[in-house]
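Undergrad: Before I ask anything, here is the structure I am working with.
The values are calculated or read from the model by the stated rules, or taken from the named source; none is laboratory data. All values derive from a computational prediction rather than experimental measurement. With ideal geometry, Cβ positions are generated from the backbone for all residues, glycine too; neighbour counts draw on all protein chains shown.
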Amino acid sequence: MASPRWKKLYEYAACDLADGLLKLHVPGAGFLADINNVSHQSLTSSGPLLHTASIPKPELKKVLAPASTFLMIAKATKSFPNPPKMTDSIPASNLTDSRPYADYTESGTIVVISQPPGQSCAVVGGIMAARMQHLGAEGIVVDGRVRDITALNQTQLPIWSKATSIIGAGAETKFHAHNVPVRIGETVVEAGDIIMIDPFENGVVAVPQGKVDELLDLLPKLIEADERVIADVCRGVSVEEAFKRHRN
């Protein structure tokens, strides 16, 4: 269980958290690689058929909450008969019924979804996002694809993913496990880890729940050192010299 101090992480930027996690030797420095803000990057066309002014976008804000995780696995269908082979070992399913995954959403969490690599389908669309919003999700992070961008924006949730699609999840995937560890790049996210979605730094970072206190103790020292470096550099000191003075 994460330290009750976890909300204090909101005072920092995603870059600060990653810097601290790097110092603490956390694999991947907590960075969820190649995950982007779908809502604010997919509606930029100026073409005549896309009237972006009529499509609401979620408020641009930083979000911090514990993770809940959802693991998808590949399945074969007539349209996609040859699913890519999984390179990582797959844990046993822990599902006790056949509910759609969105019905497992836990209020107050950021939903982190792992999709098998190399797939064309989306694993989140408008219906699932609306259900997660209704059940109290704080945000959705997808290591894979999403679709129904207009409907996703209507939820007003921050929704980040690697890519988009127009194909529904049933074409290639099925829900396999809930609140099991999932790997995104070099970072492993477990249920209860603290997720920061930071649109101002254009990144998502996961803080292992067992590292919260250690990270909070370290961050003020790192921030102070960087502020002194910047002050020296602005006065004409070389970066090399400023680092020697303050980062050692």
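Undergrad: Keeping to the range 78-93, report how many residues are within 25 Å of the chain's Cα centre (by Cα) and free of Cβ contacts under 8 Å to residues at least 60 places away in the same chain.
TA: Residues meeting the conditions: 5.
Undergrad: I'm told residue 176 meets every condition in (1) part of a strand (DSSP E or B); (2) within 17 Å of residue 2 (Cβ to Cβ) except one. Can you identify the failing condition by its number?
TA: Just one mismatch for residue 176, condition (2).
Undergrad: Does residue 191 qualify as being assigned to a helix (DSSP H, G or I), of a type in the set (Gly, Ala, Ser) and surrounded by fewer than 20 Cβ atoms within 10 Å (Cβ to Cβ)?
TA: Here the answer is no, as residue 191 does not meet what is asked.
Undergrad: While we're looking at this one, here's another question. Hey, any hits in the range 169-180 for a residue that's in contact with a Pro (Cβ under 9 Å, 6 or more places away or on another chain), modelled with pLDDT of 95 or more and within 30 Å of residue 25 (Cα to Cα)?
TA: The answer is yes; a qualifying residue exists.
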